[in-house]
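Below is one structure, written out as C-alpha cells; comments come after it.
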Amino acid sequence: MSRILVTGSADGLGRAAAASLLSAGHDVVVHARNRERAAGLDALVASGAHLVVGDFTDRDAVRRIAAELNDAKPLDAVIHNAGVWSGPAVMPVNIIAPYLLTALLRGPRRLVYLSSGSHFGGRPALAGVDWRGESAGSYSDSKLFVTTLAAAVARLRPGVLSNAVDPGWVPTKMGGPNAPDDLELGRQTQEWLASSDEPQALTTGGYWYHRQRQQPHRAVHDEAFQDNLLGTLTEEVGTVL
C-alpha cells in the first residue's frame with residue numbers, strides 16, 4: 001500500500017484515478033480547490049481518503065497544503081493532475097503549483113505530472129511569461145513547461161521516479177463530451193506509474209501515453225532549457241527545487 005496524493009481530484013481524471021487507487025487499497029489524499037468542490041469528494045473521504053483543500057492560483061495556499069502534508073504521514077507518490085485549460089489561472093495552476101509542491105514536499109519517491117499532446121505546440125521561451133496569472137496563459141506552453149519539469153526532476157533527483165503522462169483527449173469537463181479518447185485508459189497510466197512494481201513503471205524521465213513511452217517535444221530533454229526553466233521558477237517563487 002502506498003500513500004498517494006492526487007491533486008485536482010474533485011472530478012475528471014483526478015477523481016477517477018483517486019477512486020481507483022482507493023479501491024485498490026492505497027492510502028489516498030484527495031485535493032479540491034475550495035470547500036464547495038470538496039463536498040463532491042465526500043464519498044471518497046467516507047471510504048477512507050484524506051482531504052486537503054486549497055486554491056492552486058494562490059501560492060500561499062499551495063505552501064500551506066505542502067506544510068500540512070509534511071506534518072502528516074509521508075507521501076510515497078504524487079500525481080500532479082490539477083490543471084486548467086484557459087484563462088489567467090493557466091500558469092499558476094499548471095506549472096507554478098506543481099513546481100512549488102515538488103520543491104516543498106518531503107519524501108515522495110514517485111512523481112507523475114499530467115502533460116498533454118498540446119505540449120508539442122508549446123514554445124520553449126521563458127521571457128515575458130505571466131507566471132502570476134494577471135492575463136490569460138498559454139495552455140500549450142504550460143504543458144511544455146511541466147513536461148520539462150518532470151524531465152528535470154528525473155535528471156536532478158536520481159532517487160526519484162519522475163514521469164510525465166499524456167492522458168489523451170478524454171471526455172472530462174475540460175475535454176468535453178465528444179472527446180475521442182477513453183477516460184479509463186486516460187487514468188490508468190498515471191496510477192500505474194504511481195503505484196506499480198512492474199519494471200517499466202519503475203523507470204524515470206519518461207513521457208507516456210497509454211503505458212507506451214513516447215518522444216516528447218525536443219526541448220523537454222534539453223538540459224540548458226531545463227536549467228533555465230528551474231532558474232526562472234526559483235526566482236519567481238523564491239523557492240529552490
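The values are calculated or read from the model by the stated rules, or taken from the named source; none is laboratory data. Because the structure is predicted, anything quoted here is derived from the model rather than measured. Cβ coordinates were reconstructed from backbone atoms using ideal geometry, including for glycine residues, and neighbour counts include every protein chain displayed. Remember, those area values only see protein heavy atoms, side chains included, never the ligands or the DNA or RNA. Shrake-Rupley method; radii C 1.70, N 1.55, O 1.52, S 1.80 Å.
Just to be sure, is Asp197 under 20 Å from Gly83 (Cβ atoms) and either modelled with pLDDT of 95 or more or out of contact with any helix residue (DSSP H, G or I) (no Cβ under 7 Å at 6 or more places or on another chain) (or both)?
So Asp197 fails the test.
Using the structure shown, decide if Thr148 is assigned to a helix (DSSP H, G or I), among the polar types (S, T, N, Q) and under 15 Å from the mean Cα position of the chain (by Cα).
So Thr148 fits the description; yes.
Considering each residue of the stretch 141-157, count those that are touching a residue at least 24 places away in the same chain (Cβ under 8 Å) and surrounded by fewer than 21 Cβ atoms within 10 Å (Cβ to Cβ), and give that number.
Number of matching residues: 2.
Out of the residues in the stretch 203-226 meeting the condition of being open to solvent by less than 20 Å² (accessible area, probe 1.4 Å) and assigned to a strand (DSSP E or B), tell me which one is nearest to Gly186 (Cα to Cα).
Taking the candidates together, the pick is Trp208.
From (1) more than 20 Å from Ile95 (Cα to Cα); (2) in a helix (DSSP H, G or I); (3) at pLDDT 95 or above, pick out the condition that doesn't hold for Leu229.
That leaves (1) as the condition not met.
Which residues, counting only those in the stretch 88-125, are of a type in the set (Val, Ile, Thr) and open to solvent by 10 Å² or more (accessible area, probe 1.4 Å)?
Val93
Quick one: Trp85 ticks every box in (1) modelled with pLDDT of 95 or more; (2) surrounded by 14 or more Cβ atoms within 10 Å (Cβ to Cβ); (3) closer than 30 Å to Leu126 by Cα bar one, so which box is it?
Status for Trp85: all satisfied but (1).
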